[in-house]
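Take a look at the structure set out below.
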There are 2 protein chains.
Amino acid sequence: MRRITIKDLAAMLNLSTSTISRALSDHPDISEATRTRVKETAKRLNYRTNLQARFFRKKHSGLLALILPEINMFYNPSLIEGVNAAIAETPYSLVMFQTNNNIQQEREAIEQCIRWAVEGVMISVTINTNKHNMGHLEELRLANIECLMYDRVIPDTDFPSLTIDSQLAAKKGVDILLEHGHRKILGIFANPSLAITRERIKGFKKAFQEAGLPLNPDHILNVAQASLMDNILPVLLSNNTFSSIFTMTDELLFFTTNNLRKLNLSIPDDLSVVAISDGIFTNHYYPRITYIEDSGKRMGRAVLHQIIANINNPSKEKPSRLLPTEIVWSNSVKSVNA
Amino acid sequence: MRRITIKDLAAMLNLSTSTISRALSDHPDISEATRTRVKETAKRLNYRTNLQARFFRKKHSGLLALILPEINMFYNPSLIEGVNAAIAETPYSLVMFQTNNNIQQEREAIEQCIRWAVEGVMISVTINTNKHNMGHLEELRLANIECLMYDRVIPDTDFPSLTIDSQLAAKKGVDILLEHGHRKILGIFANPSLAITRERIKGFKKAFQEAGLPLNPDHILNVAQASLMDNILPVLLSNNTFSSIFTMTDELLFFTTNNLRKLNLSIPDDLSVVAISDGIFTNHYYPRITYIEDSGKRMGRAVLHQIIANINNPSKEKPSRLLPTEIVWSNSVKSVNA
DNA sequence: AATATTAATGCAATCGTTTGCGGGAATGTT
DNA sequence: AACATTCCCGCAAACGATTGCATTAATATT
C-alpha cells in the first residue's frame, strides 16, 4: 500500500498537482469549491504531506538540533522538557545528539547537523571544548546554520549564547549566607574548565569582596566529578568548622546532602545550605533547601525561542543574553553570630 | 555562499553528476583515479551530501522517533541516554517528541512522525492511552511505520513491545523482604491504569502467594502522583507497624526516603527498603538501597536495537520481549523475626 | 582483423512538492 | 462591442541525489 501523494489526488480529481498543492495550502487562486473538494478527498484518502519532500523543495529542513554533553538526573532533563514544550508550538521538529563530553562526538554531531541542513543548533559544549578547538562550530557558520550556545558556553566568541547570570546568581546565594552571619562558607564548584564554574566562583568571591570580608581560597572546592565528593567532603568537613555550604548545582547539592546525612549533620542546625538549583530536586527533597533558581525548563524554552528569533533575523546582530534569577526561600539557612 | 552540491563538483571536474555520486560512494564502476580526484575536490570544497535529498530520493527518511510521555529526574533521562548512545553507531538520526501525558499531543506527535516518514517509532504511551483509544497507533501501521512500545506499553495488542519482566522483578524484590522475615510490607505503586503497575502488583501478590502467606490488600498503596505521598505516607506509617517498604520505581523511592527522613525513621534500622530502580539514584544516594535493576540506559539501547531489527525484518513476526533483571545488593534490608 | 568482453562514464528519469508564468473563460468597464 | 480585469487553473521547471540503461573506449579473444 503506497503512500498517497499529491499526484494521486490530482489524478483522482482530474486536476493538476499544482492545483492540489495550492488548494491544500489555501492559496487564494483556488476557488472555494475545488478547495474543499480537494481537502475532503485528501482527508478521505488519508493523505499527508511528505515533509521530507516539502522541505527539500523549499530548501530548508524544518529541523532544529539540540546537542548536549551528557544527560544526568539534573538540569538536562528539564531543559529537554522545556525545549520540547516550546518546539511543539512551532513548525519545527527536534533532532537530538549527545556528545558524552567527547569532542570527537561533538564534531560528528555537528557534521550530522550540516548534512541534515538543520536550521539551527542549540549546543551545550563538552567540558573539553574551548576557543582553540572549536573549529567545528565555525563550520556551522560556514554552512549558514544558526548556532546558539546555552548553559555550557564558550565565552568571548562571536557566537551568541544564553545562560543565567551565573556570577550574580552565585553572589546572591552567598549574600544570603553572609547576611545571616556566616563567615566560614564552603563553596562547592564543578570543573573549573567550564566557564559557568568560573563565573560562579567569581560571584562567590565578589560577595565576600563587596561585604569587605576576607576569603580563604581553601574554602573554594572544585570537584571534577560530583561523585568524588564522597571522598573529599568527609575529610574537609571534619578538618574545618564550616557553618554553611554553597553549591553551584543540583548535582553537587545532592552529593552534599548525602554526605551530611552520612556524617549525621543536619540542615540547617549543623550547617546552613544554599544552592543554585533547577528547582525540581529542591522542591521535592526534604529538608527543603533555599536556592537561586536556574530553571532548566525556562532555559529550554528561552533557548528555543531565541534560536528561532535568530533564524528569522539572519542579518541582525545576535547578542548573548543573561537570564535573571530569583531566590526561592526555605529554611535551610540559620542565623549565626558573625 | 551557496552550499556545494554534486552538480558543482561535476561542473568543476568536467564529469557527470552520476559519476560524482558513484565515486563518492565507492561504486566499483568508477576508476581509482577519478574516484580519488572526486573525493579530494569534494573535501577541498567542503562538500557534504544533503541527507534530506538523499533520503528523499531513496524513499526512506533515516529518522527514528522517540516519543515519551514526560521527562522527570528518573528513568527517562537514562533511557534517552541509552537511545542516543546506541543510535550514534547507526546511520539513523533521532527526533524526539514529548506528549505530557496528553493523548492529543500523542496523536500530534504520531502525525508528525508520519509526515516525516520516520522509519520507526519508539513509544512509551501516555497514562491515558489504552486499547480503545489507540487509533493513532494504528495509523502508524497503515503508514507502514514500525512501532515499538517500551516501558509504558499497552498489553495484548499486536504491536511489539519491550519492557522488563515487571512481574518477576517485583516478586524478586518482595521475596528478598520475605526471606528476611518481613511480613508487614508496604508496597508502593504508581497509577494502576499503567500496565507496568498492574504487573508489578501481580508480582507483589505472587510473592506472598507462593510463600503461602496472607496478604493484606491495604498494604498495597497506589499513588497517582508521587508528590501525593507527602500527605499519605506519614499517616499510613503512623497508623501501621510496617517493617519494610517496597517501591516499584525510583520516583516513589525518592519520596519514600524523603518521608522517612522527615519522620526520623532510618533505613534499615526502622524500616527495610527494596525498590525497582534504574540504579543511578540508588547508586549515589545514601544510605544505599537494595534494588532490582531496571536500567533505563540498557532499555534505551535495547529498544533502539530492537526497532532497527524490526525495520530490517518487515515481514517476520515481531514478538514482544521481556528483559530480565538482576538484584543489586546493599544494606537496606535487615532480618526480622517472622 | 574481426568480434567479444570489460571498464569507465554519461544520459535521463525519478523521488513529492512548490511556484513563476502563462492562458482561457468569465466578468466588469467604457 | 471592444477592451481590461479578475478568477481559476495547468505547464513545466526546480530542489539534490541516485540509478537503470546506454554508450564509448580500451582491452582481450579467436
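The values are calculated or read from the model by the stated rules, or taken from the named source; none is laboratory data. As the structure is a prediction and not an experimental result, all values here were calculated from the model. Neighbour counts run over all protein chains shown; Cβ positions are idealised from the backbone, glycine included.
Structural remarks
- Taking the numbered list (1) under 18 Å from B:Ala224 (Cβ atoms); (2) crowded, with 22+ Cβ neighbours inside 10 Å in turn, B:Pro192 passes all entries but (2).
- Take the conditions (1) farther than 24 Å from B:Ala53 by Cα; (2) modelled with pLDDT of 95 or more; (3) buried (at least 19 other Cβ atoms within 10 Å of the Cβ); A:Gln104 misses just one of them, which is (3).
- Enumeration of residues in segment B:65-105 that are at positive phi and among the polar types (S, T, N, Q): B:Asn100, B:Asn101
- Checked against (1) polar (S, T, N, Q); (2) away from chain B (no Cβ under 14 Å); (3) surrounded by fewer than 16 Cβ atoms within 10 Å (Cβ to Cβ), A:Asn331 passes all but condition (2).
- Subset of segment A:261-294 [away from every other protein chain (no Cβ under 14 Å) and under 27 Å from A:Leu168 (Cβ atoms)]: A:Pro268, A:Leu271, A:Ser272, A:Val273, A:Val274, A:Ala275, A:Ile276, A:Thr290, A:Tyr291, A:Ile292, A:Glu293, A:Asp294
- Those residues of segment B:1-37 which are within 9 Å of DNA strand C (Cβ to nearest atom) and in contact (Cβ under 8 Å) with a residue 24 or more places away in the chain, in sequence order: B:Leu13, B:Arg37
- Listed by position, the helices (runs of 4 or more DSSP H) inside segment B:1-119 whose residues that are within 16 Å of DNA strand D (Cβ to nearest atom) and in contact with a helix residue (DSSP H, G or I) (Cβ under 9 Å, 6 or more places away or on another chain) number at least 2 are B:6-13, B:17-24, B:32-44, B:51-58.
- Flag if A:Ile114 is within 12 Å of chain B (Cβ to nearest Cβ) and in contact with a Lys or Arg (Cβ under 9 Å, 6 or more places away or on another chain): yes
- Every test in (1) closer than 29 Å to A:Val95 by Cα; (2) crowded, with 20+ Cβ neighbours inside 10 Å is passed by A:Thr256 save one, and that test is (1).
- Those residues of segment A:120-146 which are crowded, with 18+ Cβ neighbours inside 10 Å, within 11 Å of another protein chain (Cβ to nearest Cβ) and either in a helix (DSSP H, G or I) or among the β-branched types (Val, Ile, Thr) (or both), in sequence order: A:Glu139, A:Ile145
- All conditions but one from (1) under 17 Å from the mean Cα position of the chain (by Cα); (2) under 20 Å from A:Asp250 (Cα atoms); (3) among the small types (Gly, Ala, Ser) apply to A:Ser320; the one that does not is (2).
- Contact annotation: residue pairs with Cβ atoms under 6 Å, 6 or more positions apart or on different chains, pairing a residue in segment B:42-62 that is over 15 Å from B:Ala23 (Cα atoms) with a partner that is near DNA strand D (Cβ under 7 Å from one of its atoms), are B:Gln52/A:Phe56; B:Ala53/A:Phe56; B:Phe56/A:Phe56.
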